[in-house]
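Just so it is clear, none of the values below were taken in a lab; they were calculated from the coordinates. Predicted, not measured: the structure shown is a model, and the values here were computed from it. Every residue, glycine among them, receives a Cβ derived from its backbone with ideal geometry; neighbour counts consider all protein chains shown.
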Amino acid sequence: MSPVNKDIDQPLGQSQKLRNSGKRRYFPSGAAGLAGICGIALIAASVLISTRDQGLRKPQPSVVSTPVVAEAVPASEIPAPKPTDNEPATVGSIGGGDTKSGPSIIKVDPTAGEGGKGVIVIRDPSAVGQDLLVAHLPDRDLLEDSPAGKLPVRAADGRRPFDVYARPWSGARGARVAIVIGGLGLSQTGTQAAIASLPAEVTLAFAPQGNSLDRWMQAARRKGHELVLQLPMEPFDYPNVNPGRDTLTVDGSAGQNEARLHSALARITNYTGVMNYMGARFVADKGAMEPLMEELGARGLLYLDDGTTARSTASDLALRNRVPFAVGNAIIDANRDRGSILKKLDELERTARAQGFALGTGSAFDATVDAVNSWVAEARKRGIEIVPVSAVAVDPERG
């Protein structure tokens, strides 16, 4: 047998010609062949897996840029733009925002909208409140039937008249002045002149003894005014000094004062709260004021104290009963001379620059309306923002 056919006898680095040299082997034999086949199979499997659709794994949601839908614009500006074809409409909210602290996200739903794209809805701080086109219409959810008529009440979802009927404002940190002009409804010509000429930022206060109050309320709301209702309260020297029909008195029983309060509250709708008319004796009596504040807190109404008596118990009781509260710095027309009124308004401006805001109250006298119109026009040029009373109120529910 010739030894040259044995591999072991071949020199290193030299290959032996295979038997049947006309045929080629595509796969190696033995252990090396098996390893090669496994390697090829693994590579093929890896390529196949990498190119297949991952149908068995649920794709993770990705963060996408989503449309921002403005809920509304300020009532004093243009109407809110309608969503375009690519912008989903607002689908509700999961929270509000403080109108004094800037925009806030009120709806985040990553599954809503076309194609599962999320929608983020942002509320403009100046957009809270009713659109002027419907501002004169009461929100039915904020009304309660009573023997006295329709009374303001918190809605089932927690909304308050204080929130819903508030006039929008900028939310800026600059100096703010709120002006409340009362006595609306007592004089037809005076009421008409005040509504027609006063800037919309001026808050109007209606007297429950007035006439055609619902008509005047609607006119004032269409002009953009925020409203409060004046409550006749017992002054010293009552009844020689008499605020009028349905006066709340210190000696009145709880039932009597409640009936008188309801009679006044039912006179109009669409107001953010109430303020005292006279009432130096009543507001100083804690026992008399406590039931009133309980009622206002339950109904979601603001209480405005005109600041004429330092003995008022309103501040502490408002905090305890969750009542939004504001107090006046000055009565601007105690002297009805135009020059005196302008000086009082200038004092309000100095106070606002010193502490951030100021609040003045007055009545719808011709001289007062004329002076306020002139002063507001100049104050704006000096950087003063005229705001509704709700913008300077302390709200226990917002902290």
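Miscellaneous remarks
- Model label sites at residue 189 and residue 354, defined 7 Å from Cα along the beta-carbon direction, differ in position by 4.0 nm.
- Ordered by the count of other Cβ atoms within 10 Å of each Cβ, fewest first, 262, 225 give 262, 225.
- Computed extension length for residue 140-residue 374: 80.5 nm, one decimal, from 0.36 nm per residue of separation with the Cα-Cα distance subtracted.
- Taking each residue as 0.36 nm, the span from residue 159 to residue 259 lengthens on full extension beyond its C-alpha to C-alpha distance by 33.5 nm.
- Footprinting exposure proxy for 214, 305 (fewest neighbouring C-beta atoms within 10 Å first): 214, 305
- The order of 201, 378, going from fewest to most other C-beta atoms within 10 Å of their C-beta, is 378, 201.
- Neighbours of residue 216, meaning other residues whose beta-carbon lies under 14 angstrom from its beta-carbon, give a summed charge of +4 when Lys and Arg score +1 and Asp and Glu score -1.
- In a simple Cβ point-charge model (Lys, Arg +1; Asp, Glu -1; nothing else charged), region 255-386 has a dipole of about 160 debye relative to its Cα centre.
- Full extension of the segment from residue 316 to residue 240, taken as 0.36 nm per residue of separation minus the current Cα-Cα distance, would add 24.4 nm.
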